[in-house]
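K.L.:
Got a structure here, written out as structure tokens. Questions coming.
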Amino acid sequence: MDNKHIYVDRRNNLINTLDDGLVIIPTTQEIIRNQDSVYQYRFDSSFYYLTGFDEPDAVLVLDIKNKKSILFCREKNPEREIWDGFRHGVLGAKSAFKFDESYSIVEFPQKIVSLMENMPTLYYTLGHMPKYDGMIIEALSNVRNMIRRGVSSPHNIIDINRIVAEMRLFKDAHDIELISKTCEISGFAHIEAMKFIKNAKYEYEVEAKILEVFYKHGARYPSYTPIVASGANSCVLHYVANNSEIRSGDLLLVDAGCEYKGFAGDITRTYPVNGKFTKPQQAIYEIVLEANKKAIEKIKVGVAWNEPGDCATQILIRGLIDLGLLKGSVEDNIANNNYKQFYMHGIGHWLGLDVHDVGVYKINGKWRNFKTGMCTTIEPGLYIRPDNKIPEEYWNIGIRIEDDILLSSSGIVNMTSHVPKEVKDIETLICQV
Ligand SMILES: [Mn+2]
């Protein structure tokens with residue numbers, strides 16, 4: 001299906017909201033992994049949001065006054081295409097992606113100078129792509145030198161990514177369709193991993209199962225490096241070595257999501273590798289589960305961003321006090337931050353084309369309110385490292401439960417609710433196989 005009009009509409013929306021000036025948004029470069037091998041290419045999300053174009057070495061330019069959208073991209077190259085595959089080329093990209101004009105990326109450093117002439121404002125994000133910063137600054141300097149010919153140069157520089165971020169924060173029908181699918185596939189992978197866990201000897205076998213399910217559904221990449229952490233590793237927040245032996249009696253924390261058509265899924269589940277929670281494991285798990293569920297219940301249009309997180313923090317602290325792992329009152333612990341030895345991260349983040357998606361969390365110093373179209377993760381956790389002040393039965397229990405929540409026009413949707421998280425459901429799923 002040709003959906004290029006979505007990107008044309010987005011560019012036009014942006015053009016219509018900006019004052020006279022020139023928008024410049026480059027995409028990412030290919031990055032060398034070693035010698036002449038490159039990492040799997042991933043486009044810049046804001047560039048892609050406005051173009052749908054997924055080749056490297058490209059720049060989107062919008063001329064606001066003349067309402068023109070211009071693409072700079074790689075030329076056709078029959079020789080390179082034999083080795084690396086199809087390129088749209090300058091004219092091909094223009095017609096396929098419905099740009100008003102297109103040029104070779106080789107022409108960018110010269111052309112951008114004339115495009116900047118007499119533009120009052122440059123909409124460009126300095127510091128985001130160092131390779132282009134130099135070119136833009138040089139072009140700006142060249143335009144300034146034309147002053148005696150009566151040419152004026154841009155005198156405002158505005159961070160365009162911040163403006164596009166506000167657009168991306170509110171998911172449209174196209175986004176919602178894709179992100180729902182992304183979350184669905186991500187969830188299928190977690191379910192298959194649970195069914196497989198009794199057969200896994202090493203953490204990376206679970207990682208392989210998860211990637212297999214992603215790939216089988218056409219999601220060719222994880223949206224971030226999967227975390228498959230058993231036993232003590234579950235207390236390492238960004239553990240990605242995934243190479244330890246899995247031992248019966250341990251918990252396994254799996255934080256993984258796929259990237260499907262550019263969108264990121266982000267799910268965490270924690271479960272006993274032998275299919276049965278021990279009493280201490282279950283006690284901690286039930287606390288995190290309640291925090292997850294109550295935080296999700298808090299999300300509503302008009303509610304401030306921090307409210308679900310504050311609610312979860314209180315539940316986690318109350319649970320730890322009841323188990324004797326924290327002293328004092330809930331209020332004492334919030335005031336003295338003592339609980340942070342067990343819960344040291346935030347409640348979640350926006351989700352979209354980037355797993356930690358764009359969009360500010362505070363406006364004028366105040367937490368912003370939830371609105372229709374937003375999408376956020378909810379991921380409370382508790383991590384108990386060995387410590388002589390804590391009974392040994394709780395050591396090395398790391399638990400996080402993460403769901404992906406959409407504020408749709410018809411209400412709150414948990415896009416990852418198909419992945420079991422109740423104790424009974426998890427134990428049944430693991431033991432039935
Ligand atoms: Mn997350």
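The values are calculated or read from the model by the stated rules, or taken from the named source; none is laboratory data. Since this is a predicted model, take the numbers as computed values, not measurements. Glycine also receives a Cβ, built like all others from the backbone with ideal geometry; neighbour counts cover every protein chain displayed.
K.L.:
Does Tyr343 meet the test of being over 21 Å from Val413 (Cα atoms) and within 16 Å of the ligand (Cβ to nearest atom)?
P.N.:
yes
K.L.:
Part of a helix (DSSP H, G or I), within 27 Å of Ile390 (Cβ to Cβ) and within 16 Å of the ligand (Cβ to nearest atom): is that true of Ala335 in this structure? Spell out how you get there, then give the answer.
P.N.:
Details: part of a helix (DSSP H, G or I): yes; within 27 Å of Ile390 (Cβ to Cβ): yes; within 16 Å of the ligand (Cβ to nearest atom): no.
No.
K.L.:
Another question, then. Given the conditions (1) closer than 21 Å to Ala264 by Cβ; (2) at pLDDT below 95, which single one is not true for Lys389?
P.N.:
(1)
K.L.:
When segment 273-290 is examined, which residues are found to be out of contact with any strand residue (DSSP E or B) (no Cβ under 6 Å at 6 or more places or on another chain) and within 26 Å of Ile185 (Cβ to Cβ)?
P.N.:
Scanning segment 273-290 gives Gly275, Leu289.
K.L.:
Considering only residues that are assigned to a strand (DSSP E or B) and charged (D, E, K, R), look in segment 368-402 and name the one that is farthest from the ligand (Cβ to nearest atom).
P.N.:
Quick first cut of segment 368-402, residues assigned to a strand (DSSP E or B) only: 369, 375-378, 381-384, 397-400, 402.
The next check asks that each one be charged (D, E, K, R); those that pass are 400, 402.
Working: Arg400: 9, Glu402: 5 Å.
Here the answer is Arg400.
K.L.:
Applying the selection to segment 215-245, what residues are more than 16 Å from the ligand (Cβ to nearest atom) and either buried (at least 20 other Cβ atoms within 10 Å of the Cβ) or more than 30 Å from Pro280 (Cβ to Cβ) (or both)?
P.N.:
Keep residues of segment 215-245 that are more than 16 Å from the ligand (Cβ to nearest atom), which gives 215-221, 230-233, 235, 241-245.
Residues satisfying the conditions are Tyr215, Lys216, His217, Gly218, Ala219, Arg220, Tyr221, Ser230, Gly231, Asn233, Cys235, Asn242.
K.L.:
Right, here's the next one. What about Ile363, is it away from the ligand (no atom under 16 Å from the Cβ), among the β-branched types (Val, Ile, Thr), over 16 Å from Ile405 (Cβ atoms) and under 26 Å from the mean Cα position of the chain (by Cα)?
P.N.:
Working: away from the ligand (no atom under 16 Å from the Cβ): yes; among the β-branched types (Val, Ile, Thr): yes; over 16 Å from Ile405 (Cβ atoms): yes; under 26 Å from the mean Cα position of the chain (by Cα): yes.
Considered against the rule, which asks whether it is away from the ligand (no atom under 16 Å from the Cβ), among the β-branched types (Val, Ile, Thr), over 16 Å from Ile405 (Cβ atoms) and under 26 Å from the mean Cα position of the chain (by Cα), Ile363 comes out as yes.
K.L.:
Do we find a residue being away from the ligand (no atom under 16 Å from the Cβ), in contact (Cβ under 8 Å) with a residue 40 or more places away in the chain and crowded, with 20+ Cβ neighbours inside 10 Å anywhere in segment 403-426?
P.N.:
Checked segment 403-426: at least one residue is away from the ligand (no atom under 16 Å from the Cβ), in contact (Cβ under 8 Å) with a residue 40 or more places away in the chain and crowded, with 20+ Cβ neighbours inside 10 Å.
K.L.:
Considering Asp2, Asp9, Asp36, which residue is within 26 Å of the chain's Cα centre (by Cα), over 22 Å from Leu140 (Cβ atoms) and at pLDDT below 95? Steps first, answer last, please.
P.N.:
Numbers: Asp9 fails: at pLDDT below 95; Asp36 fails: within 26 Å of the chain's Cα centre (by Cα).
Exactly one residue qualifies, and that residue is Asp2.
K.L.:
Turning to a different aspect of this structure: Please state which one of Tyr48, Tyr41 is over 18 Å from Leu91 (Cα atoms) and assigned to a helix (DSSP H, G or I).
P.N.:
Of the residues listed, the single one that is over 18 Å from Leu91 (Cα atoms) and assigned to a helix (DSSP H, G or I) is Tyr48.
K.L.:
State the number of residues belonging to segment 13-33 that are among the polar types (S, T, N, Q) and either buried (at least 17 other Cβ atoms within 10 Å of the Cβ) or within 22 Å of the chain's Cα centre (by Cα) (or both).
P.N.:
The qualifying residues number 3.
K.L.:
Tell me which residues, restricted to segment 76-100, are buried (at least 17 other Cβ atoms within 10 Å of the Cβ) and touching a strand residue (DSSP E or B) at 6+ places or on another chain (Cβ under 6 Å). Steps first, please.
P.N.:
First pass over segment 76-100, keeping only residues buried (at least 17 other Cβ atoms within 10 Å of the Cβ): 87-90, 93-94, 97-99.
Passing the criteria: Val90, Ala93, Lys94, Phe99.
K.L.:
Further, regarding this structure: Could you look through segment 118-150, keep only residues that are in contact with a helix residue (DSSP H, G or I) (Cβ under 8 Å, 6 or more places away or on another chain) and either of a type in the set (Phe, Trp, Tyr) or surrounded by fewer than 16 Cβ atoms within 10 Å (Cβ to Cβ) (or both), and pick out the one that is nearest to Ile31 (Cα to Cα)? Please lay out each step first, then the result.
P.N.:
Applying the first criterion (in contact with a helix residue (DSSP H, G or I) (Cβ under 8 Å, 6 or more places away or on another chain)) to segment 118-150 yields 122-128, 135-136, 138-140, 142-143.
If we keep only those that are either of a type in the set (Phe, Trp, Tyr) or surrounded by fewer than 16 Cβ atoms within 10 Å (Cβ to Cβ) (or both) too, we end up with 123-124, 126-127, 138.
Details: Tyr123: 26, Tyr124: 22, Leu126: 20, Gly127: 17, Glu138: 24 Å.
Among those residues, the one meeting the criterion is Gly127.
K.L.:
Tally the residues that are small (Gly, Ala, Ser), outside any strand (DSSP E or B), under 30 Å from Lys4 (Cβ atoms) and within 16 Å of the ligand (Cβ to nearest atom), restricting the search to segment 249-294.
P.N.:
2
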